[in-house]
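To keep things clear, I will list the structure first and then write my remarks on it.
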Amino acid sequence: MLDLRQPWSIGPVEIPTRLVLAPMAGVSVQAFRRQGRRFGAGLVCSEMVSCAGIEHRNERTLGYLRVAADEHPLAIQLFGSEPGSMAEAARMVEAAGADLVDLNFGCPVRKVTKTGAGATLLDDPDHAARIVSAIAAAVDIPVSVKLRRGLRNGSRDCLVVGPRLVEAGAASLTLHPRSAQQMYTGTADHALTAELVSLVDVPVVASGDIVSRAKAQAVLATTGAAAVMVGRAAQGNPWVLEEIVDGAGREPSREEIVAELVLFVRETVRELGERRASGFLKKFYGWYLGRGRFPRPFKQELVQLEALDEVEQRLFAAAPGAAEVLRGLEAELPDAEDDVVLDLPISIYGGG
Ligand SMILES: Cc1cc2nc3c(=O)[nH]c(=O)nc-3n(C[C@H](O)[C@H](O)[C@H](O)COP(=O)(O)O)c2cc1C
């Protein structure tokens, strides 16, 4: 059995456990990342942030650069295709207080790939390497890159691109060994992860289908990866992180589930504002309350509600002891006023 509580590092950044919480667009808000850290993730990552959005000082994009005191170590992930503007965005990521800048060379979504970003870069190792060296030269924090296996099914392009990126200055690689064409179908082929590990002398993180401690142990043992990354399995289920890291597999009580969900709602409102949070949170109700934990109509009921204080009331009515559990959780968190550090030069807001 490998000890997932054994620290490791990416460059000078020490990471306390072998579990990394995956970047997920529309999911990896601050509440998700902080919760991930509490439940045993050693490293958390923002969702992909658009370099073009940063360049144009888009207010919503800049909001993704908010770093809380209790999420370190944290990677902020960028996507883009132009080395100069990506280097500029990476400087902002560093100024925002991130410990690592992560580059998305794996996103299969057309909106991203048609701009030459995401998985498209797997088809152009020279350009991908130019991006990494421009960024590595621009910042002092380590640069990591997240890849898929290639664009098309059966592709092994990651084995060509990966070592090039390390030569260009990448301090770590994460591989999700599905092709972009596969999206999320089929299975992640971690035999490829093992090959990549043998080709590079930087830590490799294995992403894809890590859903249990047994799977995490098997992938670490057979690939030589430094850590595993967990994505979908942690949606509405932070307890799986605890299980993977410590082997402390247990089904949470209804009170714990409701307390975690209400905390998540409150933190997300603080980050996104009530109006945006209300729509954003709907998918989380099913994730938290599903898995046979609460009757299905209950989730439907919550999804219909617009006002989040009503959502809270219904949740507490379904598990009255949750209020006490929540008070305990909130008491342990750093003060909400202190923990959001937006340490950015004022000029990034377009001056003024
Ligand atoms: C909803 C969703 C959004 C995602 N967004 C991102 C993203 O912004 N950046 C990224 O590198 N990967 C993204 N991914 C891929 C995950 O990080 C991960 O590599 C993939 O889901 C496989 O891991 P899993 O089987 O543990 O979910 C996303 C995945 C999902 C399901």
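Bear in mind that the values in this text are calculations on the coordinates, not laboratory data. Bear in mind the structure is a predicted one, so any value in this text is a computation, not a measurement. Neighbour counts are summed over all protein chains in view; Cβ atoms, including those assigned to glycine, are modelled from backbone coordinates with ideal geometry.
A few notes on this one:
- Under 5 Å, built H, 5+ apart or other chain: amide partners of ALA68: VAL341
- Using alpha carbons only: equivalent-ellipsoid semi-axes of the chain, gyration tensor based, whole Å: 32, 24, 19
- Degrees separating the helix 308-318 axis from the principal Cα axis of the chain, which is the longest one: 60 degrees
- Taking 0.36 nm per residue of sequence separation and removing the Cα-Cα distance, the GLU14/HIS127 pair yields an extension gain of 37.7 nm.
- Extension gain (nm, one decimal) between LEU305 and ARG164, 0.36 nm per residue minus Cα-Cα: 45.7 nm
- Inter-label distance for ARG296 and THR185, nm, one decimal - labels placed 7 Å from Cα along Cα-to-Cβ: 2.5 nm
- 3J(HN,Hα) along the range 261-273: 5, 5, 4, 4, 4, 4, 5, 6, 4, 4, 7, 9, x Hz, from the Karplus curve 6.51 cos²θ - 1.76 cosθ + 1.60 with θ = phi - 60°, whole Hz, x for Gly and Pro.
- Backbone HN-Hα couplings from phi across the range 295-306 [Karplus 6.51/-1.76/1.60, Hz, Gly and Pro as x]: x, 4, x, 4, 4, 4, 4, 5, 4, 6, 7, 9
- Inter-part distance where the range 158-201 and the range 22-62 are each reduced to a Cα centre, Å: 22 Å
- Sequence-distant residues sharing a close amide H with ALA22 (under 5 Å, placed H): VAL230, GLY231
- Under the Karplus curve 6.51 cos²θ - 1.76 cosθ + 1.60, θ = phi - 60°, whole-Hz ³J(HN,Hα) for the range 141-154, x wherever Gly or Pro sits: 6, x, 10, 10, 10, 10, 10, 9, 5, x, 7, 9, 4, x
- The angle between the Cα long axis of helix 213-223 and the longest principal axis of the Cα atoms of the chain comes to about 10 degrees, rounded to the nearest 10.
- Rounded to 5, percent antiparallel among DSSP beta bridges of the chain: 15 percent
- For SER46, the residues 5 or more places off, or on other chains, whose built amide H falls under 5 Å of its own are ALA75, ILE76, GLN77.
- Rough spin-label spacing in nm, given labels placed 7 Å along Cα→Cβ, for ARG327 and ALA69: 2.4 nm
- Where labels lie 7 Å past Cα in the beta-carbon direction, separation of VAL109 and ASN153 in nm: 2.4 nm
- Sites ALA137 and GLU274 - FRET efficiency at Förster radius 51 Å, r taken between beta-carbons, to 0.05: 0.75
- Under 27 Å, Cα to Cα: Lys pairs in the chain, sequence gap 8 or more or different chains: 9
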